[in-house]
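Okay, structure first, notes after.
The values are calculated or read from the model by the stated rules, or taken from the named source; none is laboratory data. On a predicted model such as this, the values are computed, not experimentally measured, just so you know. Here the Cβ positions follow ideal geometry from the backbone for every residue, glycine too, while neighbour counts run over all protein chains shown. Just so you know, the surface numbers come from the protein's heavy atoms only, side chains and all, with ligands and any DNA or RNA stripped out. Shrake-Rupley method; radii C 1.70, N 1.55, O 1.52, S 1.80 Å.
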Amino acid sequence: MVKFSLEDSDPYYLTLSEHPKRFDADSPVTNVFFDDTNGQVFTVRSGGVTGVTVNSMDETKCTSFRMEDKGPIISIKLSLDQKVLAIQRNNEGQSATVEFVNFKDLSPTNVEYSHTCKWKNSKILGFVWPKANEIAFITDHGIELLQVLPEKKQLKTLKSVSFSGAWFSWCARSNIVVLAGNNGALLQPFYFNNSTIIKLQKLELETSRPVVERDVCMVLVADVTWCAIFRHALTTIAAPGPTEIWLMPLSGSGVNYTHILKTGLMGRFALSVVDDLVAVHHQSSQTSQLFDIMEECKVENNTVVHLPLVPAHSIRPAVVDEQPCPMYSGNWVMFQPDYVIDARRGCLWRLRLTPAALVHNIEKDDIGKIVSCLLRRRGGADVVHHLLAQLVASAQLYLLQLTHAFDQINSVYRQWAEAELARSTAGGGVGGVRAWGGAALAQHEVCARVLQPHADNPYIVQVLTSYVASLCRHGLSVSAGTCSLCVRALACGGGGGGGGGRLRALLRRGALSDSRPLACQLLSLARLHPAATQLALDMMYRLRAKEEIVEVLLSCEEPVSAVGAARQLDPAGWLGLAPRKLLAAAHAHAVQRAQPHAFVAVYHALQARNDKLRGSPHFLKGEQCESYVEYYEKVTAER
């Protein structure tokens, strides 16, 4: 199979942030915690007595402080506004309690208080901050949502729901928590909204194949919250099977089917979401796979199956302290959406997508699919422009792929146009219509960055006609810039001799919209393409450009045709044309070609007009036609 690579691209489509956030590594005296809601790493030394350091990629969320050691810490998190610190400790034999410390300017105020869970003998599985002043206790008895009142040093219960759960998974980006019940055969999602708890549709799994905590995570992709479940095949020693990842929707409009990601691998996996692409990391092979669940796929049995978008490849090698960093280390922990933590090295990274790498060493027939994917990514538009330019430069090899690429571009542009119309109709986003999130390539961009620089390419006619045909297929009008490029390329015969026929066909079928500038361009190319004049005249007639038609015929030294056109377009007044102008053109034609009969025909026509308008065939003195009257008398006397 023929492969294609974008110039200057490399295979590393995933990259760790260049400068990791450093923190004290995990050790016997230092415990490391990560809060994926705020993206903060807490390093607690000696239980906090010798200090707690908070690090984040966001410098405004970094701080350090000291606190009293009151026992081993299980979880520690700051509120969303960084004004309250919550601490859960592992105090055996005590009731389920969470401690709170008020903060001001990222420093503790020494105002401490605590809250005990409402259910007696319950176990706090963890806690989350849905809002700045709201905290939810997730317990094995259910969920308790509370309002935090720092000034009063107390908490107020807002809502509680009972549910027998063993563990939970939390999505901070959508405020949805999933509790596992029935030994992992039942997953019950709850949504925190407007200071209440909303119970969502439960996910019931096969009782023979329950899930464990490490095989479930929550992800937000394309504005939809999904419960991602690693489904390991029922293996035997002789024939182990590969792992699939099921993405089951929990929220979002119009999505009610499961996406199945086929990894073809087995072992230990982790999941990230980078620019709405699902990245599946496989430790034993030290590779990552990308899946685009927004690609067009066939729905069967309420499921959609996806294969990797591009071949599996490793994350770009990183360097820490001027030394190569072991990739896919057993010490790595992935958090949503794209955090990577190595607690032993004391490094926090974020994953980044390199869009150009998606077009490195891919199957030639996959180009259209990759273009579609790139148009849904941030920074994808520039890559698509470079890709198209490279394809056009070698158009003789990639005409079919260019057609597919143009179709993807114009399909997305049409969707964007419809979305913009819906937004404007709904009042700028009111009524649930959200802003377009993809990259829509307008015609002027394609013309300026792709087509115009390759105007001299011997295959430009085929490229342009393919682009115009794609525009028409998607109900998009051809812009003036595109029309201009087409006319010049086709009239100059860039299509190997068939340019004239293609040009006439495009105009006849209405693919190139009639316009005065386009008609003028056709006229300017008349020397290169003789039929261009007639095409321009036909276009002007459709535009009812009466005066321009006469002017064109006069400039083409066709005075008889000019008079005929004027009489047809305006039988009564001939468009008010001055007789001297017509006689001058007829005289020049007669002298140049030694054929005075054209002059005589124009002269007689003007006399007839004079007689009809004024009752006399003679010209008025102010019309300054005396020299042409003398010329008429001369040529008629000679006959």
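Take the conditions (1) within 24 Å of the chain's Cα centre (by Cα); (2) of a type outside the set (A, V, I, L, M); (3) assigned to a loop (DSSP other than H, G, I, E, B); (4) surrounded by 14 or more Cβ atoms within 10 Å (Cβ to Cβ); residue 259 misses just one of them, which is (3). Restricting region 16-42 to residues that are open to solvent by less than 30 Å² (accessible area, probe 1.4 Å), part of a strand (DSSP E or B) and of a type outside the set (Phe, Trp, Tyr), the residue that is nearest to residue 327 (Cα to Cα) is 16.
Scanning region 49-95 for residues that are farther than 22 Å from residue 132 by Cα, open to solvent by less than 30 Å² (accessible area, probe 1.4 Å) and part of a loop (DSSP other than H, G, I, E, B) yields a single hit, 71. Only helices (runs of 4 or more DSSP H) whose full extent lies in region 554-614 are considered here, and the ones with at least 3 residues that are more than 56 Å from the chain's Cα centre (by Cα) and modelled with pLDDT of 80 or more are 579-593, 597-614. Considering each residue of region 98-107 in turn, none proves to be assigned to a loop (DSSP other than H, G, I, E, B) and within 15 Å of residue 168 (Cα to Cα). Filtered by the rule that a residue be among the polar types (S, T, N, Q) and crowded, with 16+ Cβ neighbours inside 10 Å, region 105-122 gives a lone residue, 122.
Please find, within region 343-387, the residue that is modelled with the lowest pLDDT out of those that are among the small types (Gly, Ala, Ser) and closer than 27 Å to residue 327 by Cα.
So, considering only residues that are among the small types (Gly, Ala, Ser) and closer than 27 Å to residue 327 by Cα, the one modelled with the lowest pLDDT is 379.
I'd like to verify a number: residues in region 15-37 that are in contact with an Asp or Glu (Cβ under 9 Å, 6 or more places away or on another chain) and without any contact (Cβ under 8 Å) to a residue 60 or more places away in the chain, how many? The total comes to 1.
Residue-level analysis places residue 164 among those that are in a loop (DSSP other than H, G, I, E, B), surrounded by fewer than 16 Cβ atoms within 10 Å (Cβ to Cβ) and either aliphatic (A, V, I, L, M) or modelled with pLDDT of 90 or more (or both).
Restricted to region 291-323, and to residues there that are farther than 13 Å from residue 373 by Cα, part of a strand (DSSP E or B) and modelled with pLDDT of 90 or more, the residue that is nearest to the chain's Cα centre (by Cα) is 306.
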